[in-house]
Amino acid sequence: MLNNNFFLVTKLNAKSNQSGVEQQTELMYKENTIWTAIFNADKVAIDELIEHDRNVVDTRGAVGECPIHMLFLYGTEAHLDIARDLLIRFPLIATQIYNKPNYYGENILHLAIVKREANMVDWLLSHASLEPYKHGLLAARATGDFFKIDQPSYYGETPLGFACCTNQWDMVEILLKHGADMDSMDSNDNTVLHMLVVCNLPNMYTKFKARWIERHAVKHKKIIITSETSELPKLWNRLNKDGLTPLTLAADLGRAKMLSWLLQERTTIQWSFGNVSCVLHPLDQLDLGFHEKNKKRSLSVLEVMVRKNNSALVDPIITSLIDKKWEYFAYWILIKRFIITFLYLLIFLGTTILEQTRFDAEKDKNIFTLIIKGEYWYITHRMLCMTGQTIVLAGALLKGAREIDEMSNMGFRNYVNTAGTIFLENLAPIFCLGIFLVHILRLAKLPEYESLVLAFTSLVGWGYMFFFTMPFRFTGPFVIMIYKMLFNDVLRFCIIYTIFLTGFSQAFFILFNENGFGGFLSSIKQCFLCLLGEFDLDYYIEGQHPLPSVILLIFHIVVITILLLNLLIAMMGDTYADVKKSARKLWHLERARMALEVENGMSSSERKSDVNKYWVDIQGERYLQVEDVTYALGYLKEDEADKESVVEEQTELMYKENTIWTAIFNADKVAIDELIHRDPNVVDTRGAVGECPIHMLFLYGTEAHLDIARDLLIRFPLIATQIYNKPNYYGENILHLAIVKREANMVDWLLSHASLEPYKHGLLAARATGDFFKIDQPSYYGETPLGFACCTNQWDMVEILLKHGADMDSMDSNDNTVLHMLVVCNLPNMYTKFKARWIERHAVKHKKIIITSETSELPKLWNRLNKDGLTPLTLAADLGRAKMLSWLLQERTTIQWSFGNVSCVLHPLDQLDLGFHEKNKKRSLSVLEVMVRKNNSALVDPIITSLIDKKWEYFAYWILIKRFIITFLYLLIFLGTTILEQTRFDAEKDKNIFTLIIKGEYWYITHRMLCMTGQTIVLAGALLKGAREIDEMSNMGFRNYVNTAGTIFLENLAPIFCLGIFLVHILRLAKLPEYESLVLAFTSLVGWGYMFFFTMPFRFTGPFVIMIYKMLFNDVLRFCIIYTIFLTGFSQAFFILFNENGFGGFLSSIKQCFLCLLGEFDLDYYIEGQHPLPSVILLIFHIVVITILLLNLLIAMMGDTYADVKKSARKLWHLERARMALEIENGMSSSERKSDVNKYWVIVKGERCLQVEQVADDRSDLNEGKAEDD
């Protein structure tokens, strides 16, 4: 928008026109010129100048402007009045445009629009004197540099474009009224919709598109409302000169929000059911289409996103499309390719090792001579080498041919642009080229160069393996982090470090008076080693200039080793945080890249096959069908393929002409009546998912659909009993549908209409038991209509159903009551209302007024168990509903008394804590047991914390300490026995103890006795612990036993240790000492590992142990996967460069690379090799990538894990305390538990309660956990 900063903008954006703009400014202040008169809005002076020379109105300024332009540019009322007067006197000046490059083509209409002068725009287009120039004003194009698409003042060139791009709908209306062309385009063939995408104006886009449709409907003598009408040429589908539609232009420009809005704007909702909607997304422009090979075509959003490598564009709709492709074909093809590539690289590695396996004597290279001589091993070796070389070369030829074909189809530039975030896919043709070059050098008999190329090629080959890690959540972001750190942080570090290195090297070179260029290289080597902390201080002290040398060394250490390296670590930490934020989008982008690459390689028939088809066909167009969940109640499982196919089949049926489904979809009563008249049984037709026509009328749920439904139900009342009869939605009836669609009037009508009275009970008792309504699905609503009303949070609907006789004690197939269902759906307020109404109803039923929820005369709905043995309270714990659980626990609380800010509170222990029960008898679990088995620290609530602390204080702490002492002493005996067993004497002693007594070998006798005693204690301890663990396993069941084994399965180490001890004694009896030692070593490690079990329930050590576990099985595991690929690649490269011998040589290379990871390497070893320069360069690259980058990335990840664990540390160690307390309590008898020493509860009315004195300030913690209705 042009304003008072006009000249400043020009100055900033058009350096080539600075002199012209400055001239224009100076002209304004020169006396007796038209420019000064205009600037001052001096009408008298202007009239005098015109009277003196009428051509003054055609004067041109420094940037190609005329006086009329400046009047509009200043734009005050006085200036515009003068402009009107001049236009009436000299109407031809209305056609004047700026005629110099910067603002070329701009006219007074453009200026009036940008200055937001709507009255002036209307005047210009309606005044009689300007009528001949009206079309010219509307068609003018501002094409100067100032208005280019990459400039802030790009407004689409035409006046209509200017009005739209400056977000002035009133101005657009004026222009359209005067005949502006809605189909106008700029120089790049951008339509107004393209322009609005560039300017990021979604609301204006909607208005303009709707007006365009309306205008074209009138033009074609049709009232066309929807934007998908095929009779119209679609403005939103038109391509600009870059082959982009408005949608793909949004992707190309990186307008993430605009793209997301445009994708959503094209969406069609087929039907909605509660929080689930069946949504159709058109795939034209979004996805790869079907086209002739080698024919130029427009790109899709997905292709643009991949080529631009812009993860910010990954939208939920795009994610759904990528996931469909991944599930249907991309994943399996990628796995197949990975296996082939991995086997190929193993053959390449094996061939390299065999080629460098040398024999003692040189063998004859003629294979026939070798056969005669009987050299069969060497023959086998030669045959394997030749076979391997053939496979490697053939593989490179095949891959190379495929890459060349792909490059020729796509063009070199596009081929490179689709090569991934870190160009990993480009490594394949580089590898192939390397293999061809190796064989050319082999034929040319240049072994030295052959080794260099082969080493580089092997590194590239193993680097290509990272390509297969990219689309996975576990490894993809990690590889991207490596890339970003390498080419941003490390590269920046290397540039700065090179300057420092050169400076310090020259300084040390001078101080030590080194000799020539070799001496300078020696200085560089010393400085580089100093970076890694490898330096000899004496070397600097004993030099020619000791004091300056040491000072310079200290300065080098401070600046480089301390400052620069730590700055690098800080930068990498920042990069790690940035990548982590966008990790989900990044690996989805890589999935999209892989899917497109795979799809481009498939034929049209392969893509259209039922196995690979991920879309539905509707009236010749492809759509992506997705079931969207508005809010998630639990973990949403991926739909099964069968389910998807039938729902998609149902969608396709809706658009087939002359069917009952099409008539229902369009709410066409006339067509429905005609179909019924032709065949009355059409009302019993079944669709793809087992639905009947009456179900679809309720599912669409508009007023028109429901009117038709009422009419059909009155005419055919029996259809009210129809249910979906296929597995996915089995049992659902029209009452379920009406409730979910929130049609209270329709529900009341169904249950009260006279014609439907016989079916009323059947409607109320129907159960929707299909897969769609299972408890782990987002549409779990409890099967019955009453459950549906409660779970969709409609109390008015519940009242209607109860009025008509719905059963409040109804249960679903899993024996879940309505209260269980409300826990699943996280609706505490509805829980309260339903519970109160249940109490009220049962009070009336038993002819008693019962107000409280704890009345013993009533069967308590909230205490009933489902088939899993869970009450509503324990179900909340089982599902991990932390807020709901906290709310339910608080709801049961009773305040005994309060004194100021202190209250004495009672918490009932039934369902919350371990009860008293007969041993081995099946029982329901408590909240505490469920929490421990699920290992869910999020459930640790202040009330639960109070209970755990009571148990810990009364008995658990002391029993644990006692067990710790016993275990520690046992392990010390085990350690002592092991040491004694491996204590050897100078001479072999007689193993018969009686012979030794006779000989007087008392020291040896004592040693033997101690060994036997220790062995007996160790074996007895293992037997006792093993028996106890087996007993516990048999009582709990193996699965439950494993599930209660702690955050890091530490308790499971006890039975493993026992098993190890038994195995050691079996091997001892079998006289297999070698295997005995191996098992004993492993067992000792497990035994001492079990000691961590006793550190878990303490605040000081527990979270620390959990951190170790999480780091080990997340961060370190991920690091190891990536490092293994690097290690293999570098090891093979060094193996070739150093011409190592055979498999032993390859293992030696692995050892050297591993030591290099730890900073243990000998630089001279690499300098003195066969290829010193390539070896040193490769070593430096290895140090940078592995020692500096990869290790520091691991540290960054571990730091992040540490922060995550630290956040939940209090809950984590309370969970472990609960685990220990329960394990101890389970081992105690009822009498022990009830003893005064261990009793942590009070008895109130025969029930156990936990009594806590609570401070009011602390109760805010309890309120934090309150659940709210979703």
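Residue-level analysis places ILE719 outside the set of residues that are in a loop (DSSP other than H, G, I, E, B), aliphatic (A, V, I, L, M), at pLDDT 90 or above and assigned by TED's automatic domain parsing to the domain that holds GLY762.
Within the stretch 1063-1088, being in a helix (DSSP H, G or I) and not hydrophobic (A, V, I, L, M, F, W, C) holds for HIS1065, ARG1068, PRO1073, GLU1074, TYR1075, GLU1076, SER1077, THR1083, SER1084, GLY1087. All of (1) under 28 Å from ARG54 (Cα atoms); (2) in contact with a Pro (Cβ under 9 Å, 6 or more places away or on another chain) hold for GLY144 with one exception: (1). Screening the candidates ASN728, ASN681, ASN658 for the property of being in contact with a Gly (Cβ under 7 Å, 6 or more places away or on another chain) and over 27 Å from ASN745 (Cβ atoms) yields one hit, ASN728. Whether any residue in the stretch 132-145 is assigned by TED's automatic domain parsing to the domain that holds GLU51, of a type in the set (Val, Ile, Thr) and assigned to a helix (DSSP H, G or I) is what I want to check. No: zero hits.
Among the residues of the stretch 758-778, those identified as assigned to a helix (DSSP H, G or I) and touching a helix residue (DSSP H, G or I) at 6+ places or on another chain (Cβ under 9 Å) are PRO758, TYR759, LYS760, GLY762, LEU763, LEU764, ALA765, ASP771, PHE772, PHE773. Kindly check whether there is at least one residue in the stretch 696-711 that is in contact with a Cys (Cβ under 7 Å, 6 or more places away or on another chain) and touching a residue at least 12 places away in the same chain (Cβ under 8 Å). Within the stretch 696-711 (the criterion being in contact with a Cys (Cβ under 7 Å, 6 or more places away or on another chain) and touching a residue at least 12 places away in the same chain (Cβ under 8 Å)), the answer is no, since none of the residues qualifies. Note on the stretch 1097-1145: among residues that are under 23 Å from the mean Cα position of the chain (by Cα) and either part of a loop (DSSP other than H, G, I, E, B) or of a type in the set (Val, Ile, Thr) (or both), the one that is nearest to GLN1170 (Cα to Cα) is ILE1122. Filtering the stretch 604-620 down to residues that are outside any loop (DSSP other than H, G, I, E, B) and acidic (Asp, Glu), which residue is surrounded by the most Cβ atoms within 10 Å (Cβ to Cβ)? This residue is ASP617.
You will find that of MET70, MET28, the residue that is modelled with pLDDT of 90 or more and either assigned by TED's automatic domain parsing to the domain that holds SER126 or at negative phi (or both) is MET70 and no other. If you go through the stretch 200-218 and keep only what is over 11 Å from LEU235 (Cα atoms) and either buried (at least 19 other Cβ atoms within 10 Å of the Cβ) or at pLDDT 95 or above (or both), you end up with MET204, TYR205. Filtering the stretch 1158-1171 to residues that are surrounded by 18 or more Cβ atoms within 10 Å (Cβ to Cβ) and in a helix (DSSP H, G or I) leaves only TYR1166. Quick one: in the stretch 487-510, which of the residues that are of a type outside the set (Asp, Glu) and crowded, with 18+ Cβ neighbours inside 10 Å is nearest to VAL550 (Cα to Cα)? Out of the qualifying residues, it is PHE508. When we screen LYS336, LYS293, LYS308 for residues that are surrounded by fewer than 20 Cβ atoms within 10 Å (Cβ to Cβ), within 29 Å of ALA396 (Cβ to Cβ) and at pLDDT below 90, the only hit is LYS293. Under 6 Å by Cβ, and 6 or more places apart or on different chains, what pairs join a residue from the stretch 616-640 that is farther than 24 Å from PRO282 by Cβ with one that is modelled with pLDDT under 50? That search, which allows pairs on different chains as well, returns TYR631/ASP1270. Taking the criterion of being more than 30 Å from the chain's Cα centre (by Cα), over 20 Å from GLU691 (Cα atoms) and surrounded by fewer than 22 Cβ atoms within 10 Å (Cβ to Cβ), the only residue of the stretch 761-786 that qualifies is HIS761.
Filtering the stretch 623-660 to residues that are modelled with pLDDT of 85 or more and in contact with an Asp or Glu (Cβ under 9 Å, 6 or more places away or on another chain) leaves TYR623, LEU624, GLN625.
LYS257 meets all of the listed conditions (1) under 24 Å from the mean Cα position of the chain (by Cα); (2) closer than 21 Å to ARG307 by Cβ; (3) at pLDDT 90 or above; (4) surrounded by 14 or more Cβ atoms within 10 Å (Cβ to Cβ) but one, namely (4).
Check whether at least one residue in the stretch 937-945 is touching a helix residue (DSSP H, G or I) at 6+ places or on another chain (Cβ under 9 Å) and outside any helix (DSSP H, G or I), and report yes or no. Yes, the conditions are met somewhere in the stretch 937-945. Here VAL550 clears all of (1) touching a residue at least 24 places away in the same chain (Cβ under 8 Å); (2) closer than 19 Å to SER522 by Cα; (3) surrounded by 12 or more Cβ atoms within 10 Å (Cβ to Cβ) except the condition numbered (1). Quick check, is GLU1232 of a type outside the set (S, T, N, Q), in contact with a Gly (Cβ under 9 Å, 6 or more places away or on another chain) and over 20 Å from ASN566 (Cβ atoms)? No, not satisfied.
Taken together, the criteria exclude LEU1117 from residues that are surrounded by fewer than 17 Cβ atoms within 10 Å (Cβ to Cβ) and either touching a His at 6+ places or on another chain (Cβ under 8 Å) or closer than 29 Å to MET1012 by Cα (or both). What number of residues in the stretch 307-350 are under 16 Å from the mean Cα position of the chain (by Cα), within 18 Å of MET594 (Cβ to Cβ), among the hydrophobic types (A, V, I, L, M, F, W, C) and assigned to a helix (DSSP H, G or I)? Looking only at that region, the number is 5.
Determine if the stretch 1127-1141 includes at least one residue that is of a type outside the set (Gly, Ala, Ser), surrounded by fewer than 18 Cβ atoms within 10 Å (Cβ to Cβ), out of contact with any Lys or Arg (no Cβ under 6 Å at 6 or more places or on another chain) and closer than 26 Å to LEU532 by Cα. Among the residues of the stretch 1127-1141, not one is of a type outside the set (Gly, Ala, Ser), surrounded by fewer than 18 Cβ atoms within 10 Å (Cβ to Cβ), out of contact with any Lys or Arg (no Cβ under 6 Å at 6 or more places or on another chain) and closer than 26 Å to LEU532 by Cα, which makes the answer no.
Here ASN102 meets the list (1) under 54 Å from the mean Cα position of the chain (by Cα); (2) buried (at least 16 other Cβ atoms within 10 Å of the Cβ); (3) part of a helix (DSSP H, G or I); (4) modelled with pLDDT of 90 or more almost entirely, failing just condition (4). Can ARG984 be described as in a loop (DSSP other than H, G, I, E, B), out of contact with any Pro (no Cβ under 6 Å at 6 or more places or on another chain), at pLDDT 70 or above and farther than 17 Å from ILE1061 by Cα? So ARG984 passes the test. Once the stretch 793-805 is narrowed to residues that are modelled with pLDDT of 90 or more and assigned to a loop (DSSP other than H, G, I, E, B), the residue that is farthest from THR874 (Cα to Cα) is HIS804. Filtering GLY543, GLY519, GLY573 for residues that are more than 22 Å from GLU1160 (Cβ to Cβ) and not in a helix (DSSP H, G or I) leaves a single hit, GLY543.
The values are calculated or read from the model by the stated rules, or taken from the named source; none is laboratory data. These numbers come from a predicted model, not from an experiment. Here Cβ is always computed from backbone atoms with ideal geometry, including for glycine, and neighbour counts include all displayed protein chains.
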